[in-house]
Amino acid sequence: MRLAFPTLSGLILLGAGCASGGLRPSYEPLPQARVDTVNALPPAVVQEINSRINTENMRPQWSSPDEGFLESQWFNLVTQESGVTDRANPDRVILLRFFVDPLEGGKSRITSEVVYKRTTDPSVLPRDQEMMVPAGHPGDQVLQRVLRGVKERFGR
């Protein structure tokens, strides 16, 4: 006779299936994040963002066109290197993050952040270490170039 109780491994698989399991984080964009609208669906927008950050010599860390999400690797604005840190000058190392959501009429809303680490304290959660760069910061200029290129490609 077989019992109808799930095994431990079955429960683990069931729980994994219920979680989002995707790349897009569960947290929301920062309140200061930029919001733009373009005439394209999220997968196309994410692919274009990927192309634009590569033009800036940046590399993606996480990219999921189907989920409407892209996050760059940490990028040193001075050395122009991706995937590096600079503990002495954390404000020159940035990360771009894009949340792309569908809107009616085949449009998408792009919510974008450019952050640096305000602290490297290991007792602070990684997301809580981040702070938006101020307007006019070189990282903000990179973000503006990326978004300008996306808007030129797809229109508003």
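Every number here is computed from the coordinates shown, using simple stated rules; none is lab data. For clarity, every value in this text was computed on a predicted model and none was experimentally measured. All Cβ positions, glycine included, derive from the backbone under ideal geometry; neighbour counts span all protein chains shown.
Working note: 222 nm ellipticity from helices only, DSSP H runs with n ≥ 4, each -39,500 (n - 2.57), summed and divided by the residues of the chain, gives -8500 deg cm²/dmol to the nearest 500. Principal-axis analysis of the Cα atoms of the chain puts helix 42-55 at an angle of about 50° to the longest axis. Coupling constants for segment 142-148 follow from the phi torsions by the Karplus curve (6.51 cos²θ - 1.76 cosθ + 1.60, θ = phi - 60°), and in residue order they are 4, 4, 4, 5, 4, 5, 4 Hz; glycine and proline get x. With coordinates expressed along the principal axes, the C-alpha atoms belonging to the chain extend over 69, 45, 26 Å, beginning with the largest.
When each of Tyr116, Tyr27 is scored by the number of other beta-carbon atoms lying within 10 Å, the sequence from fewest to most is Tyr27, Tyr116.
Please tell me the relative contact order of the chain in percent, rounded to the nearest whole number, where contacts are Cα pairs under 8 Å and at least six residues apart. All intermediate terms of the calculation are to be shown ahead of the outcome.
Details: 267 pairs, mean separation 35.9, N = 156.
Relative CO of the chain lands at 23 percent.
Contact order, relative form, for segment 95-156: 24 percent (alpha carbon pairs under 8 Å, 6 or more residues apart, mean separation divided by residue count). With the highest mean first, a sort of the peptides 140-146, 76-82 on other beta-carbon atoms found within 10 angstrom per residue produces 140-146, 76-82.
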